[in-house]
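Asker: Got a structure here, written out as structure tokens. Questions coming.
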Amino acid sequence: MPSLSYQEKSLYGELVADLAVFVPYFIIMHTHQATLTVSFIAASITILIAAQIFLQAVIAAFTRNRLKDERDRLIRLRGYRAGYITIVTIMLILMSMLWVHSSLKQITPAHMALHFLTVFFAVLMLAEIVKTITQLAAYRRPL
């Protein structure tokens, strides 16, 4: 197996940080849904940013060749396209589900803003993971 490029190491670091924050976030969100606050979401974002900065700094410090070529740029664009399609598709589905629950009076208007924020954060998380996995798959594909 050939050694990983800087971009691949960076993507694996990004995926590890994303999953290390997103999986506990989803578990806590699912089990303690009634007691979630905006500060919990803000804390999750802050932890994710700190983890990303730390991992990327470590990867950059231990990687010698950090050059990018045209293939790296194309793979990055494919990943962002997959992430964008994920955001649009899932956001439309989840926001329509939120509207249906609101119309059926299953969600109180007082909790609507927190539900919207939680849905939006979850969609961003899923899109980021799809983007990263798409890019990693493109790097593993033979030329």
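Asker: Restricting to DSSP loop positions (anything but H, G, I, E, B) with no more than 13 other Cβ atoms inside 10 Å of their own Cβ, which chymotrypsin sites (Phe, Trp or Tyr not before Pro) remain in region 19-96?
Answerer: Within region 19-96, the qualifying chymotrypsin sites (Phe, Trp or Tyr not before Pro) (loop, at most 13 other Cβ atoms within 10 Å) are Phe62.
Asker: Treat every Asp and Glu Cβ in region 6-140 as -1 and every Lys and Arg Cβ as +1, leave all other atoms uncharged, and give the resulting dipole magnitude about the Cα centre to the nearest 20 debye.
Answerer: Around 340 debye, computed over region 6-140.
Asker: Contour minus end-to-end for Ile45 and Ala57, with contour as 0.36 nm per residue of separation and end-to-end as the Cα-Cα distance? Don't skip to the answer; put the middle values down first.
Answerer: On the way: separation 12, 0.36 × 12 = 4.32 nm, distance 1.83 nm.
Fully extending the segment from Ile45 to Ala57 adds 2.5 nm.
Asker: Evaluate E = 1/(1 + (r/R0)^6) for Tyr12 and Tyr84, where r is the Cβ-Cβ distance and R0 equals 22 Å; express this FRET efficiency to the nearest 0.05.
Answerer: 0.50
Asker: Determine which residues of region 114-143 fall in the zone a paramagnetic label at His101 would reach in this model, i.e. backbone nitrogen under 19 Å from the point 7 Å along Cα→Cβ.
Answerer: Flagged as within label range: 114-127.
Asker: I've got another one for you. Could I have the simple spin-label model distance between Tyr139 and Asn65, label points 7 Å from Cα toward Cβ, reported in nm to one decimal?
Answerer: 1.3
Asker: Moving to a separate point now. Which net charge results for the neighbourhood of Leu4, defined as the other residues with beta-carbon distances under 15 angstrom from its beta-carbon, given Lys and Arg at +1 and Asp and Glu at -1?
Answerer: Value of the local net charge: +4.
Rule-based calculations on the coordinates, nothing more; no lab input. Worth saying up front: this structure is predicted, and the values here are computed from it rather than measured. All Cβ positions, glycine included, derive from the backbone under ideal geometry; neighbour counts span all protein chains shown.
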